[in-house]
Amino acid sequence: MQLQLLPTSHTFFTRFSLSPIIHRNTNMTSGSNSLMWFRKGLRIHDNPALEYAAKNSNHVYPVFVIDPHYMKPDPNSFSPGSNLAGLNRIRFLLESLLDLDSGLKKLGSRLLVLHGEPSEVLIRCLKQWDIKRLCFEYDTEPYYQALDAKVKNYALENGIEVFSPVTHTLVNPVEIIEKNGGKPPLSYQSFLKLAGEPHWLISSLCTTPATIPPIGDLGNCEVSEVPTVEQLGYEHFQEEDPDPPLFKGMGCEI
């Protein structure tokens, strides 16, 4: 699990985003519906994707998808949890989602939690909610890259603008590898030479938005509140640590 509070700015994510990541729809008019897909950056502050989703939108749908690929209980796993995440990590994720939901409610919105294979869930939401702008943080993991490709292909085929800034990392790792002839740099000095001076050093930070447009009609999509570990099927699992956690998930990166 990575906990990062990374400074970002408009200058930064425009500079370090690959051109295929941001697809602008010049036909999108003010007052259209936007979907903000939360994944690792579970925060309202310093979130360029959320800020862009709220810009000139009539409705914004803040979404998190409970993915069984990571969250399905596995009684045969080495430690309590799923085969990819321990119970403590899952609990921390749920605490982070609760904090995010609380922050959104203070701005007149809420977190829409859905369950299922993320690309299928997202495409269904795009159809049901008449979304014209899809925003999410760019992810370098192969699993999410495959999901993103499915969702972006559907969005582009249907005239939906896709905005996916690189904000989970300080630089775009794909761009670094391309600059190095298709190979990752093998030393920190060569990495610094390829990366250059980051533009966010002289740019202002994105701050917490003053307000977020309300959620529109949910249609037939099954939306829930943030679940508990018991509701996810972990009621029979023994606690990894019976003591209360020292730190709860709040406005962080997962």
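What follows is calculated from the coordinates using simple rules that are stated; it is not laboratory data. Since this is a predicted model, take the numbers as computed values, not measurements. Note: ideal-geometry Cβ built from the backbone for every residue, glycine included; neighbour counts use all protein chains shown.
So here's what we get for this one:
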item: Sorted peptide list for 182-192, 156-166, criterion being average Cβ within 10 angstrom, highest first; result: 156-166, 182-192
item: Cut-off 13 Å, label 7 Å out along Cα→Cβ of Lys193, residues of segment 159-185 by amide N; result: 180-181, 185
item: Karplus (6.51, -1.76, 1.60) ³J(HN,Hα), θ = phi - 60°, over segment 136-152, in Hz, Gly and Pro reported as x; result: 7, 6, 4, 10, 8, 5, x, 4, 6, 4, 5, 4, 4, 4, 5, 5, 5
item: Net length gained if the chain between Lys55 and Ala149 were fully extended (0.36 nm per residue, minus Cα distance); result: 31.4 nm
